[in-house]
Amino acid sequence: MTVHDDNPLEHIVRALPQALPAFLQSKRWFAGKAETLHSIQIEDSFRMATAYFFLVKVRYASGNTQQYALPLVASSLPEASPTASGDSPQIVIPSGSGFRGCVLSDALEDPAFATSLLDCIREQVSVRGGEGELAASSTNMFARLGSSSKLTELKPAVMRVEQSNTSINYGGKLMLKFFRRPEEGVNLDFEIGRFLTEKAGFAHTPPVAGCVEYSRPGRPAMTLAVLQGFVENKGDAWKYTLPKLDEYFERNAASSERCENDWAVTGSLLELAAAEPPSFAREAIGDYLDSATLLGQRTAELHLALSQDHSDHDFAPEPLSRRDCEDLSAATLALAHNSFHLLEARLEFLPLPAREKALRVIELKGRLFDRCREILAHVIKAERTRVHGDYHLGQVLYTGTDFVIIDFEGEPERPLSQRRAKQSPLRDVAGMLRSFHYAASSALLRRTSDAAAAPVRPALLDALGRFWRRWVSAQFLRTYLRIAETAGLVPQDREHLKLLLDLFLLDKTVYEIIYELRNRPGWVSIPLDGILDA
């Protein structure tokens, strides 16, 4: 820190609202790029370790608001920040009224700040701001994770893998996740991660070592950062799966021994999950079936861990009530209505193959609405527990031999109260099943757009994709149910199990239709296939 004014913070706070827009627009984590910015308000500011910290509220012309946490490091005006990069532009605060001016840049890119932030967690430092207080704290796991190396030897490096948050890797021992858009209330990544670390002893998620929180009088606290043990990995399960699918398509599409009819799979998913996959499926799919088995096991073990403490009100399992089923039915029905309304409005703009599938799905509208209500005719015996909430292949790390489950924040667009509510674990199961479908379809789209790939009949490729996702899904589900059913987390009655799982799959799929129509119309065939294949 080379700025020497007696009270530079006061000058920076006055100038920052006008200087911030360009800085924010340049950031991958800034979520307001599609909005017209109206104003920026500095809600609080104070010194934090070797940098300044600002709590910023951004208002848009639409009336929407977003809150951002900005740690910024300062240097003297004539100097360029040595830590600035193309992704870390500088903010120039001009001189005036006795203030010498300064240059601000993202403090998380500054190794000195990243190191001092870790020191703050270790020493459990608290800092007062103008309106509130910032407090860093560590868990019992902190000393254990840092014991093999001195903290000063844990060199920080920003990880270039996230968009909404920023993560720092400390020497391959610790990882700090900084939430750029903090929200008031319990942070699920910290709450669930700490429960799994300290109470459940679940070994297949990063252990939680500490956090940084901000609080102000009369308002719920907000978590700014969570410190976890670093997990050596080879990427997430999505990145692990796609090359396996490429190999699968390459190997089996080249075979002249079988036509598309040989790849047909009959029976419901639960029927397929009731027995071991046939040798033909094992031969065709290869060792990814073993991966699906392990992923099903880890998923079930996660749900068992989240439901084991009956003394903790926030985690104790509760019976799935009639009202829960009514709410689930109503929510899925409303989502389905919105999905069909948007699908019919965008129909003429879809490519011909997707339009044909859309018309077939629209013909099923009445039947799908009935499926949303069917659960109301039954008394479902199952449990509600805390769940992951946004579970898919991208939320699982592959270590090379095992899977580690990460990111318990839930679906970001849902209110915190909904994300924290107990639900049937089958919601997570449905999310992973849909992720298998997306992985197979993504690999298929990539292959059909690859000019260097050997030409293969589209019908055969479609049959191969369906064969893979059906048997992989069945193996995942088979393993999951074998473990989860023993704890009563899912219905023992097979009809009730099918009703509940089908409803979660339908809920997920109609949401996907809305998402794809709004963001990636070329992918809308994937959820349409999900409905047609059900």
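Computed quantities for the displayed model
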quantity: Separation of the residue 287 and residue 258 label points, Cα + 7 Å toward Cβ, nm; calculated: 2.1 nm
quantity: Dipole moment magnitude, nearest 20 debye, the chain about Cα centre, only Lys, Arg, Asp, Glu C-beta charged; calculated: 420 debye
quantity: Proximal lysines to residue 27, defined as alpha-carbon separation beneath 19 angstrom and excluding residues fewer than eight positions away on the same chain; calculated: 57, 177
quantity: Accessible area (Å², 1.4 Å probe, nearest 10) - residue 318; calculated: 50 Å²
quantity: Selection of GluC sites (Glu not before Pro), region 231-318, meeting DSSP coil and at most 14 other Cβ within 10 Å; calculated: 232, 257
quantity: Extension reserve of the residue 294-residue 462 stretch, reckoned as 0.36 nm per residue once the Cα distance is removed; calculated: 57.9 nm
quantity: Gain on full stretching of the segment that runs from residue 39 to residue 161 - 0.36 nm per residue minus C-alpha separation; calculated: 40.9 nm
quantity: Magnitude of the charge dipole, region 154-292, Cβ model with Lys/Arg +1 and Asp/Glu -1, debye to 20; calculated: 1040 debye
quantity: Spread of Cα-to-Cα distances over 5 Å intervals beginning at zero, given as percent, for region 258-355; calculated: 2, 8, 9, 10, 11, 13, 15, 16, 10, 3, 1, 0
quantity: All Cα pairs of the chain, percent lying beyond 44 Å; calculated: 24 percent
quantity: Partners for residue 381 among lysines (Cα-Cα distance below 19 Å; same-chain residues under 8 apart left out); calculated: 422, 498
quantity: Protein accessible area in the chain, 1.4 Å probe - carbon and sulfur %; calculated: 50 percent
quantity: Per DSSP, loop trypsin sites (Lys or Arg not before Pro) in region 243-347 with at most 16 further Cβ within 10 Å; calculated: 258
quantity: Overall form of region 293-446 per C-alpha gyration tensor (a/c, 1.5; a/b vs b/c); calculated: oblate
quantity: Rounded accessible area per residue of the chain, 1.4 Å, Å²; calculated: 44 Å²
quantity: Computed FRET value (nearest 0.05) for residue 250 with residue 276, which takes r as the C-beta separation and R₀ as 30 Å; calculated: 0.70
quantity: As computed over region 396-534, the Cα convex hull volume per residue (Å³); calculated: 149 Å³
quantity: Length-normalised contact order for region 352-471 - Cα pairs under 8 Å, 6+ apart - percent; calculated: 23 percent
quantity: Among 352, 321, 334 - extreme Cα towards positive end, dipole of the chain, charges at beta-carbon; calculated: 352
quantity: Where trypsin sites (Lys or Arg not before Pro) fall in DSSP loop in region 90-182, at most 13 other Cβ within 10 Å; calculated: 150, 160
quantity: Dipole-positive endmost among 40, 418, 138 within the chain (Cβ charges, Cα centre); calculated: 40
quantity: Shape call, region 170-324: gyration tensor on alpha carbons, a/c limit 1.5; calculated: prolate
quantity: Distance from region 401-416 to region 298-338 (C-alpha centre basis), Å; calculated: 16 Å
quantity: Three-way shape call for region 125-212 based on the alpha-carbon gyration tensor, with the a/c threshold at 1.5; calculated: rounded
quantity: Dipole axis of region 140-228 (+1 Lys, Arg; -1 Asp, Glu on Cβ), positive-most option in 218, 158, 182; calculated: 158
quantity: FRET efficiency estimate (nearest 0.05) - Cβ-Cβ, residue 485 to residue 313, R0 25 angstrom; calculated: 0.50
quantity: Relative contact order of the chain, pairs being alpha-carbon contacts under 8 Å that are 6 or more residues apart, as %; calculated: 13 percent
quantity: Charged-residue dipole, Cβ positions (Lys, Arg, Asp, Glu), region 407-525 about Cα centre, Debye nearest 20; calculated: 220 debye
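The values are calculated or read from the model by the stated rules, or taken from the named source; none is laboratory data. What you are looking at is a predicted structure, and each value in this text was computed from that prediction instead of being measured. Neighbour counts run over all protein chains shown; Cβ positions are idealised from the backbone, glycine included. Quick note on the areas: whole protein, heavy atoms, side chains included, nothing else; ligands and nucleic acids left out. Shrake-Rupley method; radii C 1.70, N 1.55, O 1.52, S 1.80 Å.
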